[in-house]
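Chemist: First the structure, then my questions, so here it is.
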Amino acid sequence: MVNVRWIDGMKFYAVGDSGHGVLLDTSPDVGGEDTAARPMEFFLFSLGGCTGMDVVSILRKMRVKPDEFWMEITSERRPEHPKYYTDVRIVYHFRGKDLPLGKIEKAVDLSQNKYCSVSAMIKKFANLSYEIVLHQDGE
């Protein structure tokens, strides 16, 4: 269960089963104070966390350890209400020496097509695409 409690203005505090919580707010033009991330941003945060954790877990099993790993997630939303996502793109960045592209591609593919629940949900209503960028040290 998630408990979402109104604080004031457009600010809410949400706590999940884990006992950890997050603050949500919105921009001043719609009554918020711009003190926290927007609800729709959390959806993309969830996507990054879900697929990122999958990829790290799979790469560990393959004995692949990049020096750095990050994702850039961009999106487009419908212009009219409800303004849900129509297109989401993930660029997976890996930095390290002698990174095995094949293993990284397999880890990302497994996350996107088998394990990541958030990706699976997004694919029900939006186009989800991705690419992999390797930043090889020493080149």
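Chemist: Here is a check on your reading of the model: is GLY52 farther than 26 Å from ILE104 by Cβ and without any contact (Cβ under 8 Å) to a residue 24 or more places away in the chain? Don't jump to the end; show me each part of the working.
Modeler: Working: farther than 26 Å from ILE104 by Cβ: no; without any contact (Cβ under 8 Å) to a residue 24 or more places away in the chain: yes.
So GLY52 fails the test.
Chemist: Within the stretch 122-134, restricting attention to residues that are in contact (Cβ under 8 Å) with a residue 24 or more places away in the chain and surrounded by fewer than 14 Cβ atoms within 10 Å (Cβ to Cβ), which residue is farthest from SER57 (Cα to Cα)?
Modeler: Result: PHE125.
Coordinate-derived values only; no laboratory data. Given the structure is predicted, the values throughout are model-derived calculations rather than measurements. Note that we place each Cβ from the backbone using ideal geometry, even for glycine, and neighbour counts take in every protein chain shown.
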